[in-house]
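Have a look at the structure below, then the notes.
The values are calculated or read from the model by the stated rules, or taken from the named source; none is laboratory data. The structure presented is a predicted model; accordingly, all values stated were derived computationally and were not measured. We place every Cβ from the backbone using ideal geometry, glycine too, and count neighbours over all the protein chains shown.
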Amino acid sequence: MPKLLMGLISALLASLVALAIPQVLRVLINDTLHAGGATTAVWISAGIVLVLGVAEAGLVALRRFFVINPATTVETRMRVSLYDHLQDLTVSFHDRWGSGQLLSRAMSDLNFLRRWMAFGAIMLVVTSLTVIIGIAVMFAMSWQLALIFLAAAVPIMINAFRFRTRFSKVARLSQDQAGDLATTVEESVHGIRVLKAFGRSREALESFNEQAEELRQTEILKAKHLATFTMVVTLLPELALGAGLVTGVLLVADGSLSIGALVAFFATAAVIATPVEFCGMLLSMALTAKTAVDRHFEVMDSVNTITSPENPGRPRELRGALCFNNATFAFDDVPDKPILKDINLEVRPGETMALVGITGSGKSALLQLVPRLYDVTDGSVTIDGVDLREFDVGELRRVVAVAFEDTTLFSNSVRDNVLLGAPEPSEAALDEALDVAQAHFAYSLPEGVDTLIGEEGLSLSGGQRQRIALARAIAAKPRVLVLDDPLSALDVNTEELVEARLREVLTETTTLIVAHRPSTVALADRVALLEEGRITAVGTHSELLAANPHYRYVIASLETEPRDLDSELSDLDDDAEEAIR
Ligand SMILES: Nc1ncnc2c1ncn2[C@@H]1O[C@H](COP(=O)(O)OP(=O)(O)OP(=O)(O)O)[C@@H](O)[C@H]1O
Ligand SMILES: [Mg+2]
């Protein structure tokens with residue numbers, strides 16, 4: 001802040017120096033440029049003008065020097081706090097917001113804000129002050145001439161006001177459209193395989209083109225508003241200059257104004273002409289910066305509703321009993337259509353419970369309640385009798401580990417991906433987790449477990465990704481493990497091996513596992529049947545098979561479910577490779 005102030009002062013001094021030059025000219029013309037004037041005085045005046053000019057240039061450089069550091073610091077701080085806040089916000093916030101909107105807020109909006117702080121804001125203050133001081137000086141020299149110039153200022157102000165309302169609307173539109181455009185880029189880069197495979201690249205390009213064209217039109221509209229305003233701002237002072245020149249010459253002829261004062265008057269007018277013309281640009285910059293700030297705080301002001309309570313509770317002894325009590329849940333965007341209704345389910349400590357149901361019945365939604373990615377809308381979920389909402393969120397997420405359907409890996413080494421949530425990251429923990437998940441292929445990657453995988457690293461097959469994600473959940477050594485169909489992409493042999501190892505390590509861990517295959521169901525002690533958001537039966541596999549027709553129907557449909565052939569094939573490749581070694 002003090003540096004910003006120094007920058008402001010430098011800028012102010014620079015324009016004061018610029019305003020002083022015409023005064024030297026006045027003295028020069030009035031006192032020396034007449035017959036018999038001393039030549040040395042001319043040299044001295046010229047010298048002063050030169051020194052003032054150099055000083056002005058120096059002060060402008062000084063302004064830049066002072067301002068660059070604080071402006072970039074503020075930009076970086078705002079960016080970091082935005083990122084921090086995004087990490088903190090709930091999953092339902094991210095359901096609602098396009099990634100491009102967040103991207104453009106984090107990058108271009110803040111970049112703009114920096115330029116505004118380093119240049120725009122200071123220049124706006126300085127420009128306004130220069131114009132005010134300049135006009136005062138002009139009044140001091142000749143009030144008649146100054147009045148003519150002031151008359152031009154009234155229409156400029158009216159115009160500025162109209163410009164303001166129009167421009168800020170378009171500025172907002174353009175920034176939002178830029179965000180949507182970023183979302184489209186992000187999505188199509190992400191989905192490039194699908195677009196290519198379906199031969200939809202051309203259509204994607206066309207719709208992108210349309211979006212880009214929309215943005216271009218908005219930008220043109222923005223430029224038009226700015227152009228109209230700039231025209232008024234430039235034209236009116238020029239007209240005033242013409243009128244002023246005629247009046248000025250008449251006044252000099254009349255003897256009521258000295259030639260020196262006339263020259264100085266117009267020199268001053270020339271000095272403030274640039275700032276006046278600048279007004280339009282600075283005003284538009286101010287409005288865009290304001291929009292950027294608004295957009296920033298739209299995100300910053302969204303509150304995280306999933307937070308730790310002030311006095312977090314914890315079970316006296318952590319055993320891992322997971323209990324749903326009349327739990328009801330609806331997504332934010334369809335609050336009156338609950339996805340889960342009155343769920344009552346108890347998973348005992350160390351028990352493995354399979355969750356079975358047809359697609360869309362709400363299995364994944366139910367699992368996401370456990371690490372509190374979403375909160376129940378009614379009822380409660382407890383671990384060892386303590387409501388999840390009473391846990392410290394960080395603690396809860398150490399107790400619970402998850403592997404989701406869509407396996408997300410980070411651009412990091414295999415090691416870092418697997419040990420992401422491990423309480424004590426060690427080589428032994430890594431090896432054990434990889435072994436349980438049957439992810440031995442990781443050792444034969446080009447650089448072993450240090451191979452970079454994920455978006456910017458080596459691409460893995462679907463089955464390989466799933467196994468790394470499973471290893472990540474196991475390495476977290478949770479009390480409560482939540483697995484969303486973690487074996488769906490594995491071939492039968494690998495699945496059997498994983499299951500055998502899982503059965504060994506899961507004896508201590510309470511596990512809730514979504515099963516899409518009878519073989520996964522067999523892993524479980526008991527099975528819960530989910531039907532349109534309700535638990536309709538709980539029991540062992542054979543009990544349900546004997547007593548429940550819907551269960552028989554679901555199991556029968558699971559058995560014929562098509563496999564993910566692609567990942568199976570690539571898994572076979574791995575195994576073949578391993579066999580050759
Ligand atoms: N973020 C969301 N916002 C709104 N509705 C959602 C959201 N995610 C899922 N749904 C809806 O919730 C319902 C249950 O979805 P869920 O993913 O829990 O099904 P599922 O049982 O896991 O299905 P599958 O076996 O195909 O994985 C679906 O009708 C789905 O459309
Ligand atoms: Mg699901």
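Here is a list: L241, L250, L235. Which entry is without any contact (Cβ under 8 Å) to a residue 12 or more places away in the chain and surrounded by 13 or more Cβ atoms within 10 Å (Cβ to Cβ)?
Testing whether each residue is without any contact (Cβ under 8 Å) to a residue 12 or more places away in the chain and surrounded by 13 or more Cβ atoms within 10 Å (Cβ to Cβ) leaves just L235.
Any residue in segment 398-417 that's farther than 28 Å from L318 by Cβ and of a type in the set (G, A, S): show its pairings with residues that are within 13 Å of ligand 1 (Cβ to nearest atom) and at pLDDT 90 or above at Cβ separation under 6 Å, as long as the two are six or more apart or on different chains.
none
So, V67, is that one closer than 25 Å to D176 by Cα and of a type outside the set (S, T, N, Q) or not?
So V67 fails the test.
Output the residues belonging to segment 527-546 that are away from ligand 1 (no atom under 15 Å from the Cβ) and surrounded by fewer than 18 Cβ atoms within 10 Å (Cβ to Cβ).
Within segment 527-546, A537, V538, G539, T540, S542, E543, L545, A546 meet the criteria.
So which pairs qualify, if the first residue must be in segment 53-67 and in the same structural domain as V271 (by TED's automatic domain parsing), the second must be exposed (fewer than 13 other Cβ atoms within 10 Å of the Cβ), the Cβ gap must be under 8 Å, and the two must be at least 6 apart or on different chains?
As it stands, the answer is none, since no pair meets every condition given.
Restricting attention to segment 351-388, and to residues there that are touching a Lys or Arg at 6+ places or on another chain (Cβ under 6 Å) and over 26 Å from L487 (Cα atoms), which single residue is surrounded by the most Cβ atoms within 10 Å (Cβ to Cβ)?
Ranking the qualifying residues of segment 351-388, first place goes to L388.
How many residues are closer than 30 Å to V74 by Cα and in a loop (DSSP other than H, G, I, E, B) if we restrict to segment 296-327?
Counting residues in segment 296-327 that are closer than 30 Å to V74 by Cα and in a loop (DSSP other than H, G, I, E, B) gives 8.
For residues that are out of contact with any helix residue (DSSP H, G or I) (no Cβ under 8 Å at 6 or more places or on another chain) and either within 29 Å of L124 (Cβ to Cβ) or of a type in the set (A, V, I, L, M, F, W, C) (or both), tally how many sit in segment 4-45.
5
Residue check: is T127 among the hydroxyl-bearing types (S, T, Y) and either surrounded by 15 or more Cβ atoms within 10 Å (Cβ to Cβ) or not in a helix (DSSP H, G or I) (or both)?
When the stated conditions are applied, T127 passes them.
Kindly indicate whether L512 is away from ligand 1 (no atom under 16 Å from the Cβ) and either surrounded by 23 or more Cβ atoms within 10 Å (Cβ to Cβ) or part of a loop (DSSP other than H, G, I, E, B) (or both).
No; evaluated as a whole, the condition is false for this residue.
If you go through segment 87-97 one residue at a time, do you hit one that is of a type in the set (F, W, Y) and within 18 Å of I306 (Cα to Cα)?
Within segment 87-97, one or more residues are of a type in the set (F, W, Y) and within 18 Å of I306 (Cα to Cα).
What pairs can you find where one residue is in segment 355-369 and in the same structural domain as F404 (by TED's automatic domain parsing), the other is among the β-branched types (V, I, T) and near ligand 2 (Cβ under 10 Å from one of its atoms), and their Cβ atoms are less than 8 Å apart, with a gap of 6+ or different chains?
Once the first residue is in the same structural domain as F404 (by TED's automatic domain parsing) and sits in segment 355-369, its partners that are among the β-branched types (V, I, T) and near ligand 2 (Cβ under 10 Å from one of its atoms) give L355/V514; V356/V514; K363/V514; S364/V514; L367/V514.
Which one of S426, S459 is without any contact (Cβ under 8 Å) to a residue 24 or more places away in the chain, among the polar types (S, T, N, Q) and either closer than 22 Å to K477 by Cα or assigned by TED's automatic domain parsing to the domain that holds E499 (or both)?
S426
Spot the failing condition for A422; the list is (1) away from ligand 2 (no atom under 16 Å from the Cβ); (2) within 27 Å of the chain's Cα centre (by Cα), and only one is missed.
Unmet condition: (2).
Would a scan of segment 473-485 turn up a residue that is within 16 Å of ligand 1 (Cβ to nearest atom), outside any helix (DSSP H, G or I) and not aliphatic (A, V, I, L, M)?
Within segment 473-485, one or more residues are within 16 Å of ligand 1 (Cβ to nearest atom), outside any helix (DSSP H, G or I) and not aliphatic (A, V, I, L, M).
Any chance you could count how many residues in segment 474-520 are touching a strand residue (DSSP E or B) at 6+ places or on another chain (Cβ under 6 Å), among the small types (G, A, S) and away from ligand 2 (no atom under 16 Å from the Cβ)?
1
State all residues of segment 393-410 that are away from ligand 2 (no atom under 16 Å from the Cβ), surrounded by fewer than 16 Cβ atoms within 10 Å (Cβ to Cβ) and more than 21 Å from V347 (Cα to Cα); if no residue qualifies, say none.
Scanning segment 393-410 gives G394, F410.
Would you be able to tell me the number of residues in segment 335-352 that are away from ligand 2 (no atom under 16 Å from the Cβ) and either among the polar types (S, T, N, Q) or more than 33 Å from the chain's Cα centre (by Cα) (or both)?
Total meeting the criteria: 11.
Can you name the number of the only condition in (1) closer than 23 Å to N493 by Cα; (2) within 16 Å of ligand 1 (Cβ to nearest atom); (3) in contact with a strand residue (DSSP E or B) (Cβ under 8 Å, 6 or more places away or on another chain) that I468 fails?
For I468, the failing item is (2).
With a cut-off of at least 1 residues that are of a type in the set (A, V, I, L, M), out of contact with any helix residue (DSSP H, G or I) (no Cβ under 7 Å at 6 or more places or on another chain) and away from ligand 1 (no atom under 16 Å from the Cβ), name the helices (runs of 4 or more DSSP H) lying wholly within segment 328-438.
Output list reads 393-399, 427-436.
Of the numbered conditions (1) within 16 Å of ligand 1 (Cβ to nearest atom); (2) in contact with a His (Cβ under 9 Å, 6 or more places away or on another chain), N304 fails exactly one; give the number of that condition.
Checking N304 against (1) within 16 Å of ligand 1 (Cβ to nearest atom); (2) in contact with a His (Cβ under 9 Å, 6 or more places away or on another chain), the one that fails is (1).
For every residue, the table says whether it meets (1) touching a Leu at 6+ places or on another chain (Cβ under 9 Å); (2) at pLDDT 90 or above; (3) under 17 Å from G462 (Cβ atoms); (4) of a type in the set (G, A, S).
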site: V482; (1), (2), (3), (4): yes, yes, no, no
site: A489; (1), (2), (3), (4): no, no, yes, yes
site: R501; (1), (2), (3), (4): no, no, no, no
site: T511; (1), (2), (3), (4): yes, yes, no, no
site: A515; (1), (2), (3), (4): yes, no, no, yes
site: S519; (1), (2), (3), (4): yes, no, no, yes
site: G539; (1), (2), (3), (4): yes, yes, no, yes
site: L544; (1), (2), (3), (4): yes, yes, no, no
site: A547; (1), (2), (3), (4): no, yes, no, yes
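Tell me, yes or no, whether segment 310-327 has at least one residue that is within 15 Å of ligand 1 (Cβ to nearest atom), of a type in the set (A, V, I, L, M, F, W, C) and within 29 Å of E504 (Cα to Cα).
Yes, segment 310-327 has at least one match.
Could you check segment 361-379 and list, in sequence order, the residues that are farther than 22 Å from R398 by Cα and more than 10 Å from ligand 2 (Cβ to nearest atom)?
T377, D378, G379
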